[in-house]
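Q: One structure, pasted below without further comment.
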Amino acid sequence: MDPNSRGPEEYGRDGDGSTPRQRPPRDPLTPDFGQHSPALARTVQLVTGDYLLTVNPVDGSEIEACPPGERPGRPEKFTVAERAEVNRAAKPPLPPGPAQPSLHLLERQDERERLVRLLARGRSVRLTGPAGSGRTALLDLVAEDCADLAPDGVVRLSGFHRTASDLLYDLFYAVYNAPLHRPEQDELLELVREIGAVVVLDDVEFGGAGLDELLDATPECAFVIGATPEVPAPSADSSLEEVFLGGLDRAGGVELIERAVGRVLTEEEANWAGDLWFESEGLPLRFVQAGALLRQRDQRRAGTGAVEAFGVFEDAIPVDAPFDVSLDAEDGDDVPLPSLGEAAAPAPLLASRLSTSARATLRFAVALGGEVPHQAHLPALVGDTHADAALGELVSCGLVSAVGSRYRLAAGVLTQLEAAGYGDDIEAQALTAAQHYAWWAGHPSVTPERVCAEADALLAALGILVPGTTAPAEGEESVTVQLARTAAPAFAAGLHWSAWERALRSGAEASRLAGEVSEQAYFHHELGILALCGGQLDRARAELESSIGLRGALADKRGTVAGRRALALVSDRSGTTPGLGSTAGEEVPDARYEESQSPPGGVPAAFPASPPPSSGDTSTIVVNRAVSGSPPKTHRGGIRGLARRNLVAAGAGALLAAVLGTVVTLGATSNNDANNPSDNVGVNPSASQGADDGSLGADTPKKDSGNGDTGTATSRPTDPGPDGTYGTSDDPTPPSSSGQPSASPSGTKGSGGGSSSSPTKPPSSPTSKPSTSPTKPSTSPTAPSTPPTGSPTPTTSPTPTQSPTTSTSASGPASSAPASSSAPASTSSSATAPESGSSSPVM
């Protein structure tokens, strides 16, 4: 259908009157607001040294010993075509817009040839020059001249905010094809030692021992190093050649301005350029900026002439009207030349004549510490769809310069813009940039390599916002914590580990200030993983224990498990047992105690020695040998745990030997009494029993025949008393031979009238439970109520139909028969009855 002539097809009918055809479905312009499955977390597995690291942005990275099947082989070097692609990616992108004028290098031919000669002989050179002296442009030309000198070609590196270790890894990745592989230090040194290339290193920030370390690790490489005079010099014994780069002379400065303007300077402009040369000491950057000032002056003069020729409110302008506006001062209003002060610090004046998007870009660059965001981010940051063209304006004016693969504000521009008021809203601009980068870095379509390319801008935003972080409002998240949370896993996956560490430390501090405990635990966990990968075991243990404690307080079981696994790996590498103390919100198993196993037959108990008859203390002493306090922790792993167990076993054996020796000694020395009653035992029983006497009062077990006899020497009542029941308080007490209650165990009475004190040992194992008396037992069965007056005569009494009372004798019931039976004893209330698993004859 013709878009200019509206027909019936617009309203759903064709021009021939037929039925309208069905329109093809179109993609919805608005997103579907239904339920969507959440985006999967971007996890990356990489090998670092002997570890297999899984970067998990949700619960924290997981690390384990690398299985043999996952270990990569020896990396191979890039081919020539692949190496060219790597070098192209190392250069900054061309700004959009019209092509920039090419400014040829002036008065640098001698330095250029000298550098190439030294590199061709395999010598390393340090090119020193102030900022804005054209050092980077000279290094670009030298790199083109040395493309075929080394077998591995030319490698371009940037030393801005990089250490010697970082540069070694950058050199490794520029030559070797090793994706997702970060070799350990020893393997790295072995691999870079085989690299033979011309390394162009610009903007280096270290010297001395660090520079010597870099050169010693790469003996087959020739370096050309660009640095400013403020950078520390190499060590005294360094083999570096020194080349100093100065400013241009006056004629060279004027020629450079003419190339920037595109015309010959007038006499007034030439004099003005001469004064500028004296003020700027011939730095090429100042002449490039001066040429930009003159171009803006020409544009302003052309605009003024056009307004005067045709008028601002002219309604009709002839199409064929000649546009012959002259740039001479007498044809229009004169636009004066900038003053010498404005030419020496031209950034504010140049910025005031740029577009709105360019000025907004400068404000973001000032807020980010001089880092210019990538041109792809400018439309979102500025709010203008054509804001990416602002980078071309800034480059043409000399306000930004290339640093590695990105752009930064040129030397001195940051200070000049801050003095002009571009830094008044730094925090607001940094917050806007942080919100954008937090969303962008966490997007699944953004690769870790792209995030690493913007590392300096992200870290600059964190550096501005972290000190002022506060607790967010309810239901909101801290932008600073969110930025660190999304950027840190990308830095880890992109193998930019120095930026990873800086992001983690900034995130830990921001989460602490914001009161977000879960995020703080995540950052401490990642710091522990990073320290473990670097071989710093003590630091890794401290960070992981801190993370486990925080996650235990939050009952985060998944995070706690990940932390404990990493901590176990740290303990395995250090050879120590991890201190996994109980944490809040975590279920801890019961404590386990390890003791020596007893023999199969049990530990034999020593038979207590009988006290002498004169002893009046019959109390039993119960000693608790349990160790007070918590039991000692047992160590299961390592040599220390085995040594401690051996010491415990040896100590237990020594203690057991000492106890047994003491018992044997006491038993041997306790029978020194000459009148020991056990030696006066006669063959005749102390009491007899008739055929119809029944029992003599001894306890009779259920399965016993009831013929046992204890004689008169027992302390058990033989007369039930008036109530007819044994064991009550009205029973008469048996007399004692000494007139006092006997404190020794009862026994048989010999013919000499002495009471035997030999205890009787109970049987080894009773065959049935002893029966208890249904009547109330005596409250004091062992102590007689009144002292006996004479030797009692054994009397017989009928055997009660109920079960006999329990015995209170220390030795239990004893038979009066000459041959002792092995009937089971009844329950005794004495605390001194020994428990033994073996039987012994009655003494």
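The values are calculated or read from the model by the stated rules, or taken from the named source; none is laboratory data. Here the structure is a predicted model, which is why all the values come from computation and not from measurement. Heads up, the Cβs are rebuilt from the backbone with ideal geometry, glycines too, and the neighbour counts pull from every protein chain shown. These accessible areas exclude ligands, DNA and RNA; they are computed on the full protein's heavy atoms, side chains included. Shrake-Rupley method; radii C 1.70, N 1.55, O 1.52, S 1.80 Å.
Q: With no solvent and one equal point scatterer placed on each C-alpha of the stretch 175-238, evaluate the Debye formula and give log10 I(q)/I(0) for q = 0.15 Å⁻¹, two decimals.
A: Listed by q, the Debye log ratios stand at -0.55.
Q: How do the peptides 277-286, 531-540 rank, highest first, by the average count of neighbouring beta carbon atoms within 10 Å per residue?
A: Per-residue mean Cβ counts within 10 Å order the peptides as 277-286, 531-540.
Q: Using per-residue counts of other Cβ atoms within 10 Å, averaged over each peptide, order 73-85, 206-218 from highest down.
A: Highest-to-lowest ranking by the protection proxy: 206-218, 73-85.
Q: Restricting the calculation to Cα positions, tell me the Rg (one decimal) and the Dmax (whole number) of the stretch 400-535 in Å.
A: When restricted to the Cα atoms of the stretch 400-535, Rg and Dmax are 15.6, 48 Å.
Q: To two decimal places, what compactness ratio does the stretch 340-465 give when its Cα radius of gyration is scaled by 2.2 N^0.38 Å?
A: So the Cα radius of gyration is 1.02 times the expected 2.2 N^0.38 Å.
Q: Of the listed peptides 386-394, 261-269, 190-198, what is their order by residue-averaged count of other C-beta atoms within 10 Å, with the highest listed first?
A: Ranked from most to least packed, the peptides come out as 386-394, 190-198, 261-269.
Q: Averaged per residue, what accessible area in Å² does the stretch 142-269 show with a 1.4 Å probe, protein chains only?
A: Counting only protein heavy atoms, the per-residue value for the stretch 142-269 is 43 Å².
Q: Let me ask you something else. Across the Cα atoms of the stretch 128-218, what radius of gyration and what greatest pairwise Cα-Cα distance (Dmax) are found, in Å?
A: Over the stretch 128-218's Cα set, Rg and Dmax evaluate to 13.7, 39 Å.
Q: May I ask you to derive the FRET efficiency for V446 and T54 from their Cβ-Cβ distance with R0 = 22 Å, giving the value to the nearest 0.05?
A: My answer for the efficiency is 0.65.
Q: State, to one decimal in nm, how far the label point of D140 lies from the label point of E476, with both points 7 Å from Cα in the Cβ direction.
A: In this crude label model, D140 to E476 measures out at 4.4 nm.
Q: Each label point is 7 Å from the Cα along the Cα-to-Cβ direction; what then is the distance between the points at S355 and S235, in nm?
A: About 5.3 nm, to one decimal.
Q: Once you order the gyration tensor axes a ≥ b ≥ c over the Cα atoms, which shape class does the stretch 62-181 get: rounded for a/c under 1.5, otherwise prolate or oblate by comparing a/b with b/c?
A: Prolate shape, in that a/c is at least 1.5 and a/b is the bigger ratio.
Q: Another one. What are the equivalent ellipsoid semi-axes of the stretch 93-146, built from the alpha-carbon gyration tensor (square roots of five times its eigenvalues), in whole angstrom, biggest first?
A: For the stretch 93-146, the semi-axes come out at 25, 13, 11 Å.
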